[in-house]
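Notes follow the structure.
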Amino acid sequence: MKTSFPGPKSLELIAAMDQIQETRTVHMFVDYEKSRGNYIVDVDGNRLLDVCGQIASNPLGYNHPDIVATLADSAHLHLLANRPALGCAPPAEFVNLLKSSLLSISPSGLNQVMTMMCGSCANENSYKAAFMHYRRLQREQLGIKETIEDVETCMMNQVPGSPQLSLLSFQKGFHGRTMGTLSATRSKAIHKLDVPAFDWPAAPFPSLRYPLEENERENRQEEDRCLEEVSDKISKWSDKGCPVACICVEPIQAEGGDYHATPYFFQQLQKIARQVHT
């Protein structure tokens with residue numbers, strides 16, 4: 001450390017930035033050219049061990065040579081310069097890029113991939129996909145298709161075109177700061193205050209005791225309690241006429257306080273979801 005933190009240059013830039021946008025979440029200004037690996041360097045020359053990793057979006061560290069080389073490769077300049085709208089006009093090499101990257105490391109049985117810009121938009125689009133899938137299954141069971149009423153009422157945010165459906169998430173969970181993900185987020189009030197929200201249920205996430213091997217009985221009871229709450233919430237929201245169409249859960253609640261659950265919990269959660277939609 002060469003200065004106090006934040007240093008004078010960061011404070012000067014924060015003051016300048018505050019004239020044009022919100023700065024309460026800005027901790028410092030960064031010299032990304034000098035940052036390397038796990039160490040981030042601010043504009044005042046302070047070198048800090050980074051355990052945030054740009055909110056976990058930079059897991060390989062700063063200026064990783066393979067990443068820098070890929071970005072510097074002239075073969076990729078046309079992608080960076082033209083910012084393709086991948087949903088409607090992907091580049092010729094896009095299929096091979098997906099197969100050689102994301103699909104090459106995908107879990108067994110998951111052979112579909114849709115790329116998104118960030119975690120919030122990934123969640124938002126997964127929510128939409130789940131709601132659309134739920135309604136498609138409902139129509140298939142009834143042997144019907146979309147109606148003129150569906151099309152007309154969705155433009156007015158009214159049923160049946162905009163159906164009364166819900167998503168179940170977990171207390172203390174964090175899923176993003178966009179409108180839909182905020183309704184699923186339950187970690188901190190600062191994210192949600194003054195923002196309209198959907199009437200969606202939230203169940204408790206297990207709070208396990210450690211060491212795990214010494215608390216197996218107590219932890220199983222805790223996970224069963226939370227699973228019972230999940231079933232109860234699903235039943236109550238169904239009775240309210242707003243059935244749960246999908247469940248959103250973090251494998252590890254990080255922002256919520258570093259909470260973990262065992263494989264048993266997630267397997268039982270999956271069984272509950274399948275039972276509801278059978």
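Here, P(r) means the percent of Cα pairs in each 10 Å bin from 0 to the largest distance; for the range 102-153 it is 19, 34, 30, 15, 1. Between the alpha-carbon centres of the range 149-227 and the range 1-44 there is a gap of 35 Å. In the complete set of protein chains, residue-level accessible area for F198 is approximately 120 Å², probe 1.4 angstrom.
Could you put S74, S166 in order of accessible surface area, largest first, with the 1.4 Å probe and the full protein assembly present?
Result of the area sort, largest leading: S74, S166.
With a cap of 13 neighbouring Cβ atoms within 10 Å, and only residues DSSP puts in a loop, list the GluC sites (Glu not before Pro) found in the range 1-83.
Those satisfying the criteria are E22, E33.
Net length available on complete extension from M179 to L11 is 57.3 nm, with 0.36 nm assigned per residue and the Cα-Cα distance removed.
For K172, a cut-off of 21 angstrom between C-alpha atoms picks up these lysines, skipping any fewer than 8 places away in its own chain: K188, K192, K233, K236.
Sorting H27, H78 on solvent-accessible area from highest to lowest, probe radius 1.4 Å, gives H27, H78. Quick one: work out the % antiparallel among DSSP beta bridges in the chain, nearest 5. Of the beta bridges lying entirely in the chain, close to 60 percent run antiparallel. By a 1.4 Å probe calculation restricted to protein chains, V244 has an accessible surface near 10 Å², given to the nearest 10. A probe of 1.4 angstrom, applied to the heavy atoms of all protein chains, finds Y39 with accessible area near 90 square angstrom. Only lysines eight or more places from K34 in sequence, or on another chain, were considered; those with a Cα closer than 30 Å are K2, K9. Counted residue by residue at 0.36 nm each, then reduced by the alpha carbon distance between them, the extension gain from E218 to A189 reaches 7.4 nm.
Taking 0.36 nm per residue of sequence separation and removing the Cα-Cα distance, the T70/D31 pair yields an extension gain of 12.0 nm.
Protein heavy-atom accessible surface, 1.4 Å probe, per residue over the range 196-248: 57 Å². Computed from backbone phi, the HN-Hα couplings of the range 205-217 come to 9, x, 10, 7, 9, 10, x, 4, 5, 9, 9, 4, 5 Hz, rounded to whole numbers (Karplus: 6.51 cos²θ - 1.76 cosθ + 1.60, θ = phi - 60°; Gly and Pro given as x). Per residue, the solvent-accessible area of the range 1-143 (1.4 Å probe, heavy atoms of protein chains only, all protein chains present) comes to 75 Å². I'd like the carbon and sulfur percentage of the solvent accessible area for the range 1-128, probe radius 1.4 Å, heavy atoms only, ligands and nucleic acids excluded. For the range 1-128, the apolar C and S fraction of the accessible surface comes to 60 percent. Model label sites at K145 and S100, defined 7 Å from Cα along the beta-carbon direction, differ in position by 4.1 nm.
Please find the FRET efficiency linking A56 to H277, where r is the Cβ-Cβ separation and R0 is fixed at 22 Å, and quote it to the nearest 0.05. That gives a FRET efficiency of 0.10.
Checking the a/c ratio against 1.5 first, then a/b against b/c, what shape does the Cα gyration tensor give for the range 136-239? Because a/c hits 1.5 or more and a/b fails to exceed b/c, the range 136-239 counts as oblate. Put L193, L168 in order of accessible area, highest first, and with a 1.4 Å probe you get L193, L168.
As a fraction of the 1.4 Å probe accessible area of the range 137-278, surface on carbon and sulfur atoms comes out at 53 percent. The Kirkwood hydrodynamic radius of the range 69-148, based on inverse pair distances between different Cα atoms, is 15.8 Å.
At the listed q of 0.06, 0.09, 0.16 Å⁻¹, the Debye profile of the chain, built from one uniform point per Cα, gives log10 I(q)/I(0) equal to -0.28, -0.64, -1.41.
The values are calculated or read from the model by the stated rules, or taken from the named source; none is laboratory data. These numbers were taken from a predicted model, which means no experiment stands behind them. Every residue, glycine among them, receives a Cβ derived from its backbone with ideal geometry; neighbour counts consider all protein chains shown. The protein model used for the area step is the full one, side chains on, heavy atoms only, and it has no ligands, DNA or RNA in it. Shrake-Rupley method; radii C 1.70, N 1.55, O 1.52, S 1.80 Å.
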